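A quick write-up on the structure given underneath.
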Amino acid sequence: MAAAEPALRHLVDPDDPSFSLPEDMPKAIAAFCTKTGQPVPSTAGAFTRTVLESLALKYRYVLELLESLTETKFEIVRIVGGGSQNHMLNQFAANATGRQVLAGPSEATALGNLVMQMVGTGAVASLDQARGIVAESFSPRKFEPQDGAQWQQAYQRFRALVAK
């Protein structure tokens, strides 16, 4: 449903206080869009697309802040855990950031626990060795950026929303 909706029509700041435990999330999204002079999503697919595109644009916003603070350019974005299973979100993240996205593994918390137990018990010689085992055991899915100009324009709109 979300894939059939027009791209980047409605944007929200996922960190806006109005999205902290609202009684009705679609109503909160509609109110945010109205408050910011945007059309209101009218279908479940449009609401879903709004959330996913806005999350991806927030990833870029935070990535740029991290790069500025660390004076480091990150070439690849890694998404692990449950979010790594959402193909559309991962593609939007690649589009929004202009970076390759590597998605997976989805069970990152359990694997992190296992890795630390392997290191702690001496089953592996180092944390790097344990990470290598995980990397060889779980191939990430790769997402390449697309539609750069369209996402750049949307990001400028998004930054204006975040600045308010």
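The values are calculated or read from the model by the stated rules, or taken from the named source; none is laboratory data. This is a predicted model, so every value here is computed, not measured. A quick note on method: Cβ atoms are made from the backbone with ideal geometry, for glycine too, and the neighbour counts reach across all protein chains shown. With ligands, DNA and RNA removed, areas are computed over all heavy atoms of the protein, side chains included. Shrake-Rupley method; radii C 1.70, N 1.55, O 1.52, S 1.80 Å.
Just one of the listed residues (Pro145, Pro105) is in contact with a Lys or Arg (Cβ under 7 Å, 6 or more places away or on another chain) and open to solvent by less than 70 Å² (accessible area, probe 1.4 Å), and it is Pro145. Residue-level check: of (1) surrounded by fewer than 17 Cβ atoms within 10 Å (Cβ to Cβ); (2) more than 10 Å from the chain's Cα centre (by Cα); (3) closer than 30 Å to Ala130 by Cα, Arg99 misses just (1).
Here Tyr155 fulfils each of the conditions (1) open to solvent by less than 50 Å² (accessible area, probe 1.4 Å); (2) modelled with pLDDT under 95; (3) under 20 Å from Val12 (Cα atoms) apart from (2). Among the residues of segment 35-78, those that are of a type in the set (Phe, Trp, Tyr) and open to solvent by 60 Å² or more (accessible area, probe 1.4 Å) comprise Tyr59, Phe74. Which of the residues belonging to segment 7-34 are open to solvent by 70 Å² or more (accessible area, probe 1.4 Å) and free of Cβ contacts under 8 Å to residues at least 24 places away in the same chain? Residues satisfying the conditions are Pro17, Ser20, Leu21, Glu23, Met25, Lys27, Thr34. Looking for something within 20 Å of the chain's Cα centre (by Cα) and open to solvent by 30 Å² or more (accessible area, probe 1.4 Å) - is there at least one such residue anywhere in segment 109-132? Within segment 109-132 (the criterion being within 20 Å of the chain's Cα centre (by Cα) and open to solvent by 30 Å² or more (accessible area, probe 1.4 Å)), the answer is yes, since at least one residue qualifies. Selection of segment 109-146 for residues being at pLDDT 95 or above and under 27 Å from Phe92 (Cβ atoms) yields Arg141, Lys142, Phe143, Glu144, Pro145, Gln146.
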